[in-house]
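What follows is a short report on a single structure.
FYI, it's all coordinate maths here, none of it is from the lab. A quick note: this is a predicted structure, and the numbers were derived from the prediction, not measured. We place every Cβ from the backbone using ideal geometry, glycine too, and count neighbours over all the protein chains shown.
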Amino acid sequence: MAAGVATWLPFARAAAVGWLPLAKKSMPKPPSDNKSRNDEILIVNVSGQRFQTWKNTLDRYPDTLLGSSEKEFFYNEETQEYFFDRDPEMFRHILNFYRTGKLHYPRHECIQAFDEELAFYGIIPEIIGDCCMEEYRDRKKENLERLAEDTEAEMATDAPLPPDSTSRERLWRAFENPHTSTMALVFYYVTGFFIAVSVIANVVETVPCRPPKGRVKDLPCGEKYSLAFFCMDTACVMIFTFEYLMRLYAAPSRCKFMRSVMSIIDVVAIMPYYIGLVMPENEDVSGAFVTLRVFRVFRIFKFSRHSQGLRILGYTLKSCASELGFLLFSLTMAIIIFATVMFYAEKGTKETNFTSIPAAFWYTIVTMTTLGYGDMVPNTIAGKIFGSICSLSGVLVIALPVPVIVSNFSRIYHQNQRADKRRAQQKIRLARIRLAKSGTTNAFLQYKEHGGLEDRHSGSQALCVRNRSSFEQQHHHLLHCLEKTTNHEFTDEHTYSEVCMAESVGYRTSRSTSISSHQGLSTSCCPRRAKRRAIRLANSTVSVSRGSVQELDTLHIQKSSIVPQSRSSLNARTQDLKLNCDDTDFTAAIISIPTPPANTPDESLPSSPGIPSILRNSRQLGDCSGSFTHETVKISSL
Amino acid sequence: MGIQGMELFAVGVVIILFVAVLKQFGILEPMSMEDSSDSDLELSTVRHQPEGLDQLQAQTKFTKKELQSLYRGFKNECPSGLVDEETFKTIYSQFFPQGDATTYAHFLFNAFDIDRNGSIRFEDFVIGLSVLLRGTVNEKLNWAFNLYDINKDGYITKEEMLAIMKSIYDMMGRYTYPIVRDDAPFEHVEKFFQKMDRNRDGVVTIDEFIETCQKDENIMNSMQLFENVI
């Protein structure tokens, strides 16, 4: 109640006069207060909406923006008001906080926007009044969960593998996420098929088949075609065992894997077979063996790796554990009570079914769940009365926790649906973002290659210079400064990888490619790409240009299918002009550090620490007229 | 239990359920508390408007602007226009978090509540403040005497003074240096009476009080302390 304190302080101080005659010592001097006593009205202009308030109101909370001298930074001398370029709707709530001392959270606003406003005005969210605190907390938690899901999905196993993953890691990836490679997918479907086959075989082998000649009784098919079923079982178990061992090998943490639910199910599914193999054909023991066969049905749970719905169900039940526990507990209580009552009510009847209280449990359960088999029926009036009460209460007790479980299930199910939808949308979103980003970098690269950074020494240059906004100019200048600082230049991904390839290839084959310097290239430059593309380059031709230009293998020309978002139509023309140049004769751009865009969500250039500043090639093409530079290859991503 | 017993029991249960069902239909309603809801309504509609600005200006020594500012703060805190004792105690206790200010706040409340109707209106508030901040020394001393004189009979007895002193020491709380001894209020009262009670009759009258205070330099100087509070 800070506002109250501020208002009543003068009163409390005035009332201190009552102590003066009693004082043992003399009073201290009061603090000098030379600010103007007169209260004034301040005008706060938030995006055009004018709010007016007393200065005292704002002074109530001196540790916020509006209450401290920080607001002077926003003071506009000409209009004599404080101008904030923020949301006026939200500001209303902020100002109300000053006026009433309570901060309310508007339900229709986005929680993040509200948080940002609070952070801007220097108000901590903990001050939110009790009336709105719960809603605020719930929304915040929901938002955080959603963000966590997002980041999780981003870092999901859909991401491409790091280049230096062992076969073990790749195997694990293949198992966990079958969509990554076709082999994994094939394996996934094969195991699924065999699970189904195994389960069906288990079921069918108990169906009575026609008896073979010489017998009268119907035989279950399992015994008639025992060999066939045995073979099928063996095949399935082989596959399952193989799969389990593969998973065990590939698992990053074997102990954790062995303790996980799925692996336990796997073990339980294949154990009976092995135990059966080992056990002798004793009559006594085979009884136990038959029991073991029951566990084969657990193979059906292996489907949960294949079915997301099943996993959701399992997860729901796990998360509703407390509700289920409550249901169980209340049912147990009711069962015991009613069973006792029924037993004593029916005690007098001759030949009654209610021989003991545990015997009455069965009746109670059957009645409460409204099954009503009718094998145990009360005969006395009291028994009938209590029996009817029992069935009525059973309906209620069972119905109570069900909505909770249902709502939990629906929430989790929708969450999953949302996650799937988001993953699908994410890819499109990322592609679009990539596009937008590449526009900027491509603009810079294009500008460079058109010699815009060099002195204008030829008239034809003018054509290359596009109209750029002042923002772009300054941005390009900045990038250029960075290049000069580090003595490297920006390039794009493809060129970089190609040159890298060439380096590693050249290094390895030591052809007559003259690399001007830095022989000792680390092949860790881009090893993965090196491995992949070495094949491609095998048939390449070497193009030699004049001068101290390095010889490179063929560059794979990839015209950018997406026009970089340049704003000038001049760009098109320059492209056409360039095509007149001799296509075979071009050089590559230079390698440098990968450009800084901080949030490229997808594959970024493998930045190895020791990237040498490889070469500056000359910008001149042999036969190309004019001083147009090379055709740099452009890809839409960087 | 025999069969008879169980049947009796069953019949009893049935009757109970029957009554419960009847209650649902409103046929068998117990005496409901219809009065309480109305009384709640009453309290919330009590409101008080102060006298006009000009009248208050005449009664007190505040300027119009000061009165406006005071009223704004007052109305913000107490929209109904009245401060009851509980609210007053809560507000005053906020300034003394270490100790227990409720007893002293009670005395203070009585000092402000001139017409003893259990709530402080804005007029009482402002008149009291006017005396404390803008009044003459005599007026202030009068006010202090009024505060100490709990039963407003014109005499301060030792018991009254002891009560006041104890309440003041209560506001200090437990964590003081040096530790407040149990007889500290008593001693303080003794000293006070020694100083103030001229004729040693065991009570202090208003004249004795004012006379003694006027002679004490410390007290006279300190009276100017709180003039600039508003």
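Summarise the partner chain shielding of B:142-151 as one whole number: the mean count of Cβ atoms from other chains within 10 Å of each residue's Cβ.
Per residue, the average neighbour count from other chains is 2.
Give the cross-link partners of A:K347 among the lysines, using a straight C-alpha distance below 25 Å as the criterion and excluding same-chain residues fewer than 8 apart.
Filter leaves A:K384.
Between A:K217 and A:D150, what is the label-point separation in nm under the 7 Å Cα-to-beta-carbon projection?
Each label point is offset 7 Å from its Cα along the Cβ direction, giving 6.8 nm.
Near the amide H of A:V46, under 5 Å away, which other amide H atoms are found, from residues 5 or more places off or on another chain, if H is placed in the peptide plane?
A:F51, A:F84
What FRET efficiency comes out for A:E142 versus A:K384 if R0 is 35 angstrom and r is the Cβ-Cβ distance? Round to the nearest 0.05.
Numbers: r = 52 Å, r/R0 = 1.47.
Calculated value: 0.10.
Using label points projected 7 Å from each Cα along Cα→Cβ, tell me how many nm separate A:V268 and A:V402, to one decimal.
It is 2.7 nm.
Expressed as a fraction of 2.2 N^0.38 Å, the rule-of-thumb size for a compact globular protein of N residues, what is the C-alpha radius of gyration of chain B?
Working it through for chain B, the quotient is 1.62.
Give the lysines reachable from A:K484 as a straight Cα distance under 22 Å; neighbours fewer than 8 places away on the same chain don't count.
Straight-distance partners of A:K484: A:K448.
Calculate the mean, over all residues of peptide B:82-95, of how many other protein chain Cβ atoms lie within 10 angstrom of the residue's Cβ.
On the way: counts 0, 1, 0, 0, 0, 1, 1, 0, 2, 7, 4, 0, 7, 8.
Taking the mean over all residues of the peptide, I get 2.
R0 = 56 Å: FRET efficiency of A:L430 with B:K61, Cβ-based, nearest 0.05? It would help to have the intermediate numbers written out before the result.
Working: r = 73 Å, r/R0 = 1.31.
Taking R0 as 56 Å, the efficiency between A:L430 and B:K61 is 0.15.
Using the Karplus curve 6.51 cos²θ - 1.76 cosθ + 1.60 with θ = phi - 60°, work out ³J(HN,Hα) for each residue of region B:4-19 in order, rounded to whole Hz, and write x for Gly and Pro.
Running phi through 6.51 cos²θ - 1.76 cosθ + 1.60 with θ = phi - 60° gives 4, x, 5, 5, 4, 4, 4, 5, x, 4, 5, 5, 4, 5, 4, 4 Hz.
For region A:194-271, what Kirkwood radius comes out of the mean inverse Cα-Cα distance, in Å?
14.4 Å
Quick one: compute a quarter of the convex hull surface over the Cα atoms of region B:113-230 and quote it in nm².
8.8 nm²
Multiply the residue gap between B:K152 and B:F25 by 0.36 nm, knock off their C-alpha separation, and tell me the result in nm, one decimal place.
Using 0.36 nm per residue and subtracting the Cα-Cα distance, I get 39.8 nm.
With the calculation restricted to Cα positions, what are the radius of gyration and Dmax of region A:1-143 in angstrom?
Answer for region A:1-143, Rg first and Dmax second: 18.9, 61 Å.
Modelled label-to-label distance, A:K24 and A:K347, 7 Å Cα→beta-carbon offset: nm?
Output for this residue pair reads 7.8 nm.
Take the alpha carbon atoms of region A:227-278, find their center, do the same for region B:49-86, and report the distance between the two centers in whole angstrom.
Region A:227-278 and region B:49-86 have Cα centres spaced 85 Å from each other.
At 222 nm, what value in deg cm²/dmol follows for chain B if DSSP H runs of at least 4 each add -39500 (n - 2.57) and the sum is divided by all its residues, to the nearest 500? All intermediate terms of the calculation are to be shown ahead of the outcome.
Details: 12 runs with 144 residues, N = 230.
Helix-only estimate at 222 nm: -19500 deg cm²/dmol.
What average count of beta carbons from other chains do you get within 10 Å of the Cβ of residues in B:67-76?
Average neighbour count from other chains, rounded to a whole number: 4.
Kindly flag which residue pairs out of B:K158/B:K191; B:K65/B:K89; A:K29/A:K55; B:K61/B:K195; A:K71/B:K64; A:K71/B:K75 have an alpha-carbon separation exceeding 21 Å in this structure.
Check vs 21 Å cut-off fails for B:K65/B:K89; A:K29/A:K55; B:K61/B:K195; A:K71/B:K64; A:K71/B:K75.
Quick one: give the max-minus-min coordinate of the C-alpha atoms of region B:92-166 along each principal axis, largest first, in Å.
Dimensions of region B:92-166 along the principal axes of its Cα atoms: 30, 29, 25 Å.
Only residues of region A:393-421 count here: report those whose backbone N is under 14 Å from the spot 7 Å along Cα→Cβ of A:S330, or say none.
A:393-406
Taking region A:302-435 on its own, what percent of its Cα-Cα pair distances exceed 23 Å?
For region A:302-435, the share of Cα pairs beyond 23 Å comes to 54 percent.
How big is Rg to Rh over region B:45-133, alpha-carbon atoms, Rh as the Kirkwood inverse-mean-distance radius?
0.97
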